[in-house]
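Report on the following structure.
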Amino acid sequence: MLRTKIISTGSYVPDRVLTNQDLERMVETSDKWIMERTGIKERRRAGDNESASDLAYKAALQALERAGVGADTLDLIVVATITGDMPFPSTACFLQHKLGAKTAAAFDVNAACSGFLYTLSVANAYIRGGIYRRVLIVGTEVLSKFTDWQDRNTCVLFGDGAGAAIVEASTDDSGVLSVDIYSDGSLAELLYLPGGGSKNPCSTDTLNNRMHYIKMKGNETFKIAVRTLEQLVLDALQKNNLKSSDISLLIPHQANMRIILATATRLGLDMDKVMINLDKYGNTSAASIPIAFDEAVTSGRVKKNDYLLLEAFGGGLTWASALIRW
Ligand code: UT7
């Protein structure tokens with residue numbers, strides 16, 4: 001049976017650091033509030049000339065180098081982003097060109113914070129269906145350029161970054177055991193960016209009403225996230241006939257420390273089995289899982305045959321899980 005195996009990971013975050021103390025000087029907030037309510041200490045902010053495909057390029061190059069394969073061997077590139085270079089063409093096409101991956105098809109996936117697991121699901125379907133053998137999947141975000149720096153409800157949360165993985169067809173019994181994706185469009189307005197699309201094209205009104213920035217009903221989103229993720233991880237375990245004690249590492253979307261704690265508690269997992277880097281990078285949406293995944297791999301927290309549980313929740317609403325045997 002063909003299985004999807006992750007053969008390498010890579011990541012990139014911009015150099016510029018924005019601390020909670022910096023934010024205290026920008027809006028009515030405090031390091032104490034941000035730490036207590038979110039667990040975030042600092043986040044990265046892309047340079048004025050850096051776009052989503054630039055960050056993606058650096059993460060992808062690292063993943064290719066670590067895999068020891070050339071971009072010309074890629075069959076497909078799938079990029080998850082909500083902050084792409086332009087409405088079109090896709091950020092994946094810009095990335096394809098930067099990498100020189102001439103033979104790869106390329107397209108984007110928009111599933112907000114669940115985006116990277118959506119790209120894994122797409123790659124998994126193509127690989128298991130025997131259509132493509134080697135796929136580059138990337139989550140990349142420059143959220144800082146869509147953040148309302150006057151809105152304390154959102155501006156303290158987000159950060160920029162990118163993470164990538166090379167996945168390919170394999171016949172051994174490790175790799176992606178399951179990947180499940182879900183959506184509920186009825187709750188779209190809990191977390192969205194209303195301006196600039198065909199519904200509300202750019203106009204003086206949309207600019208004056210600050211409609212080109214991310215809007216979130218934080219507390220409502222929080223409650224749904226906790227409830228949904230608790231069920232999601234239990235379903236993933238059940239589907240694979242695993243117990244939570246079988247999980248070596250939970251790699252959650254890094255949105256809020258309290259949400260991560262709630263999921264870990266539901267699973268009865270000690271926090272040393274949970275990958276957390278939210279304090280350093282904030283919520284990087286589609287980039288958060290691949291950045292955390294890459295850090296887990298490169299810091300030696302992932303060992304052969306380990307069961308890894310990945311889970312995400314975000315705008316759409318969307319949510320997703322993956323169970324991987326390393
Ligand atoms: O990644 C995709 C999915 N995203 C999520 O899952 C994020 C979900 N939401 C959250 O993480 C949390 O809801 C937040 C961190 C955004 C907010 O935490 P909360 O505990 O839900 O706070 P809240 O929105 O209920 O606000 C509590 C208070 C309010 O003041 P009042 O009305 O009680 O006087 C806010 O105005 O905190 C106030 N507040 C702030 N105070 C200082 C909101 N933002 C700030 C701030 N600094 N930055």
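The values are calculated or read from the model by the stated rules, or taken from the named source; none is laboratory data. Since we're looking at a predicted model, the values are computed, not measured. Cβ coordinates were reconstructed from backbone atoms using ideal geometry, including for glycine residues, and neighbour counts include every protein chain displayed. Only protein heavy atoms, including side chains, enter the accessible area calculation; ligands, DNA and RNA are left aside. Shrake-Rupley method; radii C 1.70, N 1.55, O 1.52, S 1.80 Å.
Which numbered condition in (1) open to solvent by 10 Å² or more (accessible area, probe 1.4 Å); (2) within 16 Å of the ligand (Cβ to nearest atom); (3) closer than 21 Å to Gln231 by Cβ is the only one that Asn283 fails?
Single failed check for Asn283: (3).
Checking the condition in contact (Cβ under 8 Å) with a residue 40 or more places away in the chain, within 16 Å of the ligand (Cβ to nearest atom) and open to solvent by 20 Å² or more (accessible area, probe 1.4 Å), which residue from Ile289, Ile251, Ile214, Ile276 passes?
After ruling out the rest, the residue left standing is Ile276.
For the structure I just gave you, tell me whether Val138 is open to solvent by 20 Å² or more (accessible area, probe 1.4 Å) and either of a type in the set (Gly, Ala, Ser) or under 30 Å from Leu2 (Cα atoms) (or both).
No.
How many residues are free of Cβ contacts under 8 Å to residues at least 24 places away in the same chain and more than 25 Å from Thr38 (Cβ to Cβ) if we restrict to segment 231-248?
4
Quickly run through segment 109-146 and pick out the residues that are assigned to a loop (DSSP other than H, G, I, E, B) and within 12 Å of the ligand (Cβ to nearest atom).
Once the filter is applied, which keeps residues that are assigned to a loop (DSSP other than H, G, I, E, B) and within 12 Å of the ligand (Cβ to nearest atom), segment 109-146 yields only Ala111.
Can you tell me which residue within segment 151-171, out of those that are of a type outside the set (Lys, Arg) and closer than 15 Å to Asp22 by Cβ, is farthest from the ligand (Cβ to nearest atom)?
Asp160
I want to confirm something. Restricting to segment 155-192 and keeping residues that are open to solvent by less than 40 Å² (accessible area, probe 1.4 Å) and hydroxyl-bearing (Ser, Thr, Tyr), which single residue is nearest to Leu74 (Cα to Cα)?
Ranking the qualifying residues of segment 155-192, first place goes to Ser170.
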